[in-house]
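Could you have a look at this structure, given as structure tokens, before my questions?
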Number of protein chains: 2
Amino acid sequence: MHLPRYPVWRGSARCSDPHGYRNIFYSAAPTLYPMSDPFLSEDPGIRPRRPVVALVLANTMLSTVPGISGAGPTPGATLLTPVLDAELVTTGAITSMPARPNTPTGCPTPAAITRSMVELTGLAPVHINAGLAHTPTVPCLDVYGSPGGDPREGDAVPEAVRLFERGEMVGRLLSQHSDLLVIGECVPGGTTTALCVLRALGYAASVSSAFIKNPLDLKDAVCREVLARISETGAEEPLDILRAAGDPMIPVAAGIASACPGDVILAGGTQMLAVAATVKALGRRVPPLVTTVYIRDDPTAGFARSITEIGTTAYYVDPGFASIGHAGLARYCNGEVKEGTGAGGMLMLARLMGHEPEEIAREVSDFVSRYD
Amino acid sequence: MHLPRYPVWRGSARCSDPHGYRNIFYSAAPTLYPMSDPFLSEDPGIRPRRPVVALVLANTMLSTVPGISGAGPTPGATLLTPVLDAELVTTGAITSMPARPNTPTGCPTPAAITRSMVELTGLAPVHINAGLAHTPTVPCLDVYGSPGGDPREGDAVPEAVRLFERGEMVGRLLSQHSDLLVIGECVPGGTTTALCVLRALGYAASVSSAFIKNPLDLKDAVCREVLARISETGAEEPLDILRAAGDPMIPVAAGIASACPGDVILAGGTQMLAVAATVKALGRRVPPLVTTVYIRDDPTAGFARSITEIGTTAYYVDPGFASIGHAGLARYCNGEVKEGTGAGGMLMLARLMGHEPEEIAREVSDFVSRYD
């Protein structure tokens, strides 16, 4: 199968070349060839000409609770992960501090996969700072929020309503310049806040994890405590639930998705389920999701069941990491890391922009091998 | 003369309508009819299909020196002006605090003119936070700088190199999604830092002012002091001069302009001269400027002479404020306010997007009359 190719722009060198491509877009609409390969579970029927990828970054203090988050070498260091991810995705390397884009167990971070697709497609994501503990090292579209608190101790996101409204402003701004908006996230500890939000919204959800052994007992214990506190406060409206139990990413991403009149795809696993459930509870149009098959196939998460309960659809990307010849990537297939920082969305977008599965796999492999 | 019209999108209502315009752009290239009306001094020959307007916001502590800046009711309050401007341009009103979009002497602020053109064209600017003393009330693309110091007392922008590099990142990001980038600014006190930078770069420049009586003696005295300090430190490289004497806007705007491979226009008066002079000194391609005829006709500023010295061109917009029937706007023609917050650039862009001069004048008049 051959899709029409976009002119490929790679990194800053080409961009600064006045004789090179001025931007990455076709002026004419690409012909829509149907897709029927195992890379994508289903063809969304979209061939974007002006895609924008927005990665919403936030912290929740839950990630500093030992055992909750695998997104950092120590619980405290998880707070830095979104900043390092944004730096890697934007510049192609982490130079602001001595850190490698690998998990503590030696898997490539999902941000490395996202970056490899940036290099393949030439499409640079916009990072949204929804509320971070550390100052980013690259420009971010900032909504001027604060890191989320521990929802066991009190309202986690006191400014949830304002963050939703600012998300709407961001959505209106970005949708002016795009025909497809792909929204990803990076929130260490965010699957636990997502679990709290999904259950508080009435879903019998379980969640995924970046750990190979999902710390479900710990997450469940946190969640029971948070739900008990919510039922004391009587919060029932979706934004009240986010205020009580969420993290700053959820209202911002829900606001962005709500304000976009065009095609929107939520790129991620459990955390984007929480965003979709929020959007639905607010009575807005619920976008589809895209994630990796590693999330779909996680028996502890029940992802596909939640998709059905929310009443939306999901596309699953199978980048074939088992056969790519890289041990760290292969471990994604055994349930480690699985997804994050819009990786599934960027893989799908590369395919929709006409890149062949083999080419995508080679680009991922080449990029992550730099850090072996 | 009739230019092809863009579909007009007004504010959020139309944007949220799934049956309305998905974005403001033509898919086909508009026919290029030559322009020959008195609204624009010269036809730039550009009919943008995907314009992006970036307004770079910053503070310099010079604006708190009594008598330097007219952009606020008191010297201290000038620090808030960029935040209020961004709120007005983004939302159409100032609701975060009790303030009206008029100057202390009752003229409409330039941001009100910019906002009226946002409502006419449907094109919402991206605000860039280059270094502000107060937290913005609307989302901004933040480069995580700090407000500029008083250049008489020490290096005004110690992080000038980093701000230039982050400006380049912003430029690469925005240029992906645009075929014309219009860069404006809002920096109270910024004409004085611009004067210091221009003179340090070797231009015999004078500068404009928002005051009807330009406080040239005060600005000259500041500038002499700053130049003496620079010559002590031996700073000669352009970014060293910005570090010593500039404000955070200048390196960020210069970085953005330097990294854009496509059409760029600097929208503003004296301050954009300083940006253009910096870009030239760095050996990069110098963009043209656009500003109002009120800047060109300011006898104290010598704007056109500086344009020639820098070796670029300028387009001048004449919005005909004398005959619009609004006393505050008419005072622009007598030398008050004159320009700011990308107003001249937005007026030109509205014209390039096919709006007639009469329609532009009516929109400005209608908007500013809300605040009489």
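Give me the percent relative contact order of chain A, please, defined on Cα pairs under 8 angstrom at least 6 residues apart.
Values: 809 pairs, mean separation 85.5, N = 372.
The value is 23 percent.
Report the convex hull volume per residue for the range A:229-372, counting only C-alpha atoms, in Å³. Show your work: numbers first, answer last.
Details: hull volume 18.6 nm³, N = 144.
So the per-residue hull volume is 129 Å³.
Can you tell which of B:LEU352, B:VAL317, B:THR74 lies farthest toward the positive end of the dipole of chain B, using +1 and -1 charges on the Cβ of basic and acidic side chains (Lys, Arg; Asp, Glu)?
B:LEU352
Hey, another quick one. Between A:THR135 and A:ASP297, what is the label-to-label distance in nm when each label sits 7 Å out along the Cα-to-Cβ direction?
In this crude label model, A:THR135 to A:ASP297 measures out at 4.4 nm.
Let me ask something else. Using a label position 7 Å from Cα in the Cα→Cβ direction, what is the ascending list of nm distances from B:GLY154 to the same site in the other copies?
3.5
Give the nm distances, rounded to one decimal, from B:LEU216 to the matching residue in every other copy, measuring between label points 7 Å along Cα toward the beta carbon; shortest first.
In nanometres, ordered from closest: 7.9.
Using only Cα atoms and rounding to the nearest 10 degrees, what angle (0 to 90) does helix B:249-259 make with the longest principal axis of chain B?
60
By how many nm would the segment from B:GLU358 to B:GLU153 lengthen if fully extended, with 0.36 nm per residue of separation less the alpha-carbon distance?
The span from B:GLU358 to B:GLU153 would gain 69.0 nm if fully extended.
Another one. Working from Cα positions, state the angle (0 to 90°, nearest 10) between the long axis of helix B:270-281 and the longest principal axis of chain B.
70
OK, next. Treat each spin label as a single point 7 Å out from the Cα along the C-beta direction, and report the A:ASN102 to A:SER369 distance in nm.
Going from the A:ASN102 label point to the A:SER369 one covers 1.5 nm.
Find the eigenvalues of the gyration tensor of the Cα atoms of the range B:44-154, then list the square roots of 5 times those eigenvalues as equivalent ellipsoid semi-axes, largest first, in whole angstrom.
25, 18, 14
Any idea what diffusion coefficient the protein assembly as shown gets from Stokes-Einstein, in µm²/s, Kirkwood Rh on alpha carbon pairs, 4 °C, 1.567 mPa s?
The diffusion coefficient I find is 49 µm²/s.
Under a GNM of chain B (C-alpha, springs under 10 Å), which listed residue has the highest mean-square fluctuation: B:VAL290, B:VAL187, B:VAL161?
Per the Cα network of chain B with a 10 Å cutoff, B:VAL161 tops the list.
Further question on the same structure: Tell me, what is the FRET efficiency for B:ALA322 and B:ILE46 to the nearest 0.05, using R0 = 35 angstrom and their Cβ-Cβ distance as r?
The value I calculate is 0.80.
Give, as a single signed number, the net charge of other residues whose beta carbon lies under 11 Å from the beta carbon of B:VAL252, with Lys and Arg counted +1 and Asp and Glu -1.
-4
Something else about it: Ordering A:ARG370, B:ARG351 from largest to smallest accessible area (1.4 angstrom probe), what's the sequence?
Values: A:ARG370 135, B:ARG351 0 Å².
The most accessible residue leads, giving A:ARG370, B:ARG351.
Under a 10 Å cutoff between Cα atoms, tell me which one of A:ALA235, A:ALA112, A:ALA205 has the largest fluctuation in the Gaussian network model of chain A.
Ranking A:ALA235, A:ALA112, A:ALA205 by mean-square fluctuation puts A:ALA235 first.
Another question, then. Placing unit charges on C-beta atoms (Lys and Arg positive, Asp and Glu negative, everything else neutral), compute the dipole magnitude of the range A:212-352 about its Cα centre in debye, rounded to 20.
Roughly 260 debye, rounded to the nearest 20.
Choose one of A:SER116, A:VAL157, A:LEU62: the residue whose Cα lies farthest towards the positive end of the charge dipole of the range A:33-166 (beta-carbon charges +1 Lys, Arg; -1 Asp, Glu; about the Cα centre).
So the residue we want is A:SER116.
Now for a different question. Might you work out the accessible area of A:LEU132 for me, using a 1.4 Å probe with all protein chains in place, and round it to the nearest 10 Å²?
20
Please report, for B:ALA93, the nm distances (one decimal) from its label point, 7 Å out from Cα along the beta-carbon direction, to the equivalent points in the remaining copies, shortest first.
5.1
With n ≥ 4 as the cut-off for DSSP H runs, can you work out [θ] at 222 nm for chain B, using -39500 (n - 2.57) per run divided by the number of residues, rounded to the nearest 500?
Values: 14 runs with 147 residues, N = 372.
Helix contribution divided over all residues of chain B: -12000 deg cm²/dmol.
Relative to the longest principal Cα axis of chain B, at what angle does helix B:357-369 sit, 0 to 90 degrees, rounded to 10?
Long axis of B:357-369 versus the principal axis of chain B: about 70 degrees.
How large is the accessible surface per residue of the protein assembly as shown, computed with a 1.4 Å probe and reported in Å² as a whole number?
33
Rounded to the nearest 20 Debye, what is the dipole magnitude of the protein assembly as shown about its Cα centre when Lys and Arg each give +1 and Asp and Glu each give -1 at the C-beta?
About 680 debye.
Right, something else. For chain A, set up a Gaussian network in which alpha carbons nearer than 10 Å are linked by springs, and say which option among A:SER41, A:SER96, A:SER63 fluctuates the most.
Highest fluctuation of the listed residues: A:SER96.
Taking A:LYS213 as the anchor, which lysines have their alpha carbon closer than 26 Å to its alpha carbon, excluding any fewer than eight residues away along the same chain?
A:LYS338
I want the local charge near B:ASP150. Using Cβ-Cβ distances under 13 Å, sum +1 for each Lys or Arg and -1 for each Asp or Glu among the other residues.
-2
Shape of the range B:130-282 from its Cα gyration tensor (a ≥ b ≥ c, root eigenvalues): rounded if a/c is under 1.5, otherwise prolate when a/b > b/c, or oblate?
prolate
Using unit Cβ charges (K, R positive; D, E negative) and no other charged atoms, how large, in debye to the nearest 20, is the dipole of chain B about its Cα centre?
Working: 29 positive and 37 negative charges, 104 e Å.
Its charge dipole is roughly 500 debye.
If you roll a 1.4 angstrom probe over the protein chains with everything in place, what fraction of the accessible area of the range A:233-372 belongs to carbon and sulfur, to the nearest %? Numbers along the way, then the final one.
On the way: 1960 of 4160 Å².
Answer for the range A:233-372 is 47 percent, counting heavy atoms of protein chains only.
At a probe size of 1.4 Å, how large is the accessible area of A:LEU79, to the nearest 10 Å²?
Estimated to the nearest 10 Å², A:LEU79 gives 20 Å².
So if I take the centroid of the Cα atoms in the range A:107-184 and the same for the range B:318-372, what is the distance between those two points in Å?
Centre-to-centre distance over Cα atoms comes out at 36 Å.
Any idea what the alpha-carbon Rg over 2.2 N^0.38 Å comes to for chain A? Please report the intermediate quantities before stating the final value.
Working: Rg = 19.0 Å, N = 372, 2.2 N^0.38 = 20.9 Å.
Here the Cα radius of gyration is 0.91 times the empirical estimate.
Using a basic spin-label model with each label point 7 Å from the Cα along Cα→Cβ, how many nm lie between A:ASP217 and B:THR74?
6.1
Compute and list, largest first, the equivalent-ellipsoid semi-axes of the range B:95-173 from the alpha carbon gyration tensor, each √(5λ) rounded to a whole angstrom.
Semi-axes (√(5λ), whole Å): 27, 20, 11.
The values are calculated or read from the model by the stated rules, or taken from the named source; none is laboratory data. As the structure is a computational prediction, the values presented were derived from the model and not from experiment. All Cβ positions, even for glycine, are placed from backbone atoms using ideal geometry, and neighbour counts span all protein chains on display. Protein only, heavy atoms only, side chains kept; ligands, DNA and RNA dropped before computing areas. Shrake-Rupley method; radii C 1.70, N 1.55, O 1.52, S 1.80 Å.
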